[in-house]
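Okay, structure first, notes after.
The values are calculated or read from the model by the stated rules, or taken from the named source; none is laboratory data. Quick caveat: nothing in here was measured; it's all calculated off a predicted structure. Reconstructed Cβ throughout: ideal geometry from the backbone, glycine too, with neighbour counts over all protein chains shown. Keep in mind that these areas ignore ligands, DNA and RNA; they rest on the heavy atoms of the full protein, side chains included. Shrake-Rupley method; radii C 1.70, N 1.55, O 1.52, S 1.80 Å.
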Amino acid sequence: MKRVLIVEDDPTWILLLEQYAGRLGWESVVAHSPQLAMDALDEQLVDVIVLDMLLAVETGMALLNELRGYDDLAAIPVVVFTSMSDLTLEVLSSYGVRAVLEKATATPEDVVQALREVTNG
Amino acid sequence: MSRGNWSEQDFAGLPSLSVAAHELKSPITLMRQLALALQGGTLSVAETQEYSARLVLMADKSLTLARDLSQVANLQPALFPLEPTNPLAICRSLHSSVSPMAKLYGREVIWPKNRTVELVSANGRLLRSVVSNFIDNALKYSQDDLPIRVGVTRRRGVVRIGVRDFGPRITQREYRRLTDEMERLKTVKTRPESSGLGVYIAAQFARAMGARIGLIRHRDGVTFYIDLAASGQLSLL
């Protein structure tokens, strides 16, 4: 069973993303901040990370920078799921980001499809 | 605000349209996603009930913000008269509206248990919004498993309603920036994704009541407070 790390601090977005992962039969792990995400990754590796960029205290960029420092973590694909409308894949691809979805326009199917594609199934 | 030709003064003190739009966008985006998920027809009965409840919560949040923005744009004394107001009663009235949001974030809000009633000179509606905005901010900012404390204290002729959250310590530089922005009635960004609108609205409402808001930095969080003039009403009894 695949595992997704959801890095998000809004409880309703967490609920939705867990449901979307559930549609694929995947297990979810939730972290509310980049620091907690790194702690979670110390416990167990995941197949994909879904990352909100605007988190309390630190932004998602803090996690993207941190992931690059470790070979095993840098290989994990990241799907950025954000309320920012000006973030593009071109800007973030060097950080291991494989898809950028905007919260205001993405559908549940877009999210499920992105998770499927970046993990090749 | 007069109709017809609006002057620079008409816009003074209003947050920019982009700030207001950003803040309104957040709950509306969630409402959209919840509606799409409900529309998909793949949810269980329990999930459907949960999602529907959250849809209503987000709608209420959007409407509250729209109302607050409208009130900021129309802060005339005649519309928001001051009268002796019981801050404990304000807190009690907030309990039911704050509880669902607090439950969503898994946080506990601890309300004041004062026995002595201290009346303040305030407008109940505006004061309610101020405290509500502080609690809203604290819910998003405080760390897991730690409560938010609302307190009412009196010192000389001033009654303070404070909302204490337990979260990361803010740096001195960040503290100075926040207090400076509050003093200058600018939008106060307390978090990366925050537009600063909530605290700005609180500052405007406080000013309309002749009150002031402030911020105390602790080792493990912050307290946002509003200081109001104590009403002499009870002392006449």
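Data table
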read-out: Dipole magnitude of chain A about its Cα centre (Cβ charges: Lys, Arg +1; Asp, Glu -1), debye to nearest 20; value: 320 debye
read-out: Distant alpha-carbon pairs in segment B:26-132 (separation over 21 angstrom), percent; value: 52 percent
read-out: The protein assembly as shown - share of DSSP beta bridges that are antiparallel (%, nearest 5); value: 60 percent
read-out: For segment B:71-147, the spread of Cα positions along each principal axis, largest first, Å; value: 42, 35, 17
read-out: Nearest-10 value in Å² for the accessible area of B:Val150, using the 1.4 Å probe; value: 10 Å²
read-out: In segment A:17-121, chymotrypsin sites (Phe, Trp or Tyr not before Pro) in a DSSP loop with at most 15 other beta-carbon atoms within 10 Å; value: A:Tyr70
read-out: Helix-only mean residue ellipticity at 222 nm for chain A, each DSSP H run of n ≥ 4 adding -39500 (n - 2.57), per residue, nearest 500; value: -11500 deg cm²/dmol
read-out: Probe 1.4 Å, protein heavy atoms only - accessible area per residue of the protein assembly as shown in square angstrom; value: 49 Å²
read-out: Carbon/sulfur fraction of accessible area - the protein assembly as shown, other protein chains in place, 1.4 Å, %; value: 51 percent
read-out: Computed accessible area, B:Phe224, all protein chains, 1.4 angstrom probe, square angstrom; value: 10 Å²
read-out: Positions from segment A:52-93 whose accessible area shrinks by 30 Å² or more when the full protein complex is built, not the chain alone, probe 1.4 Å; value: A:Leu54, A:Ala56, A:Val57
read-out: Surface accessible to a 1.4 Å probe, B:Thr179 within the full protein complex, Å²; value: 40 Å²
read-out: Hydrodynamic radius of the protein assembly as shown per Kirkwood, over alpha carbon pairs, in Å; value: 22.0 Å
read-out: Convex hull volume of chain A per residue (C-alpha atoms, cubic angstrom); value: 94 Å³
read-out: Chain pair A, B: total accessible area buried, heavy atoms, 1.4 Å probe, Å²; value: 2100 Å²
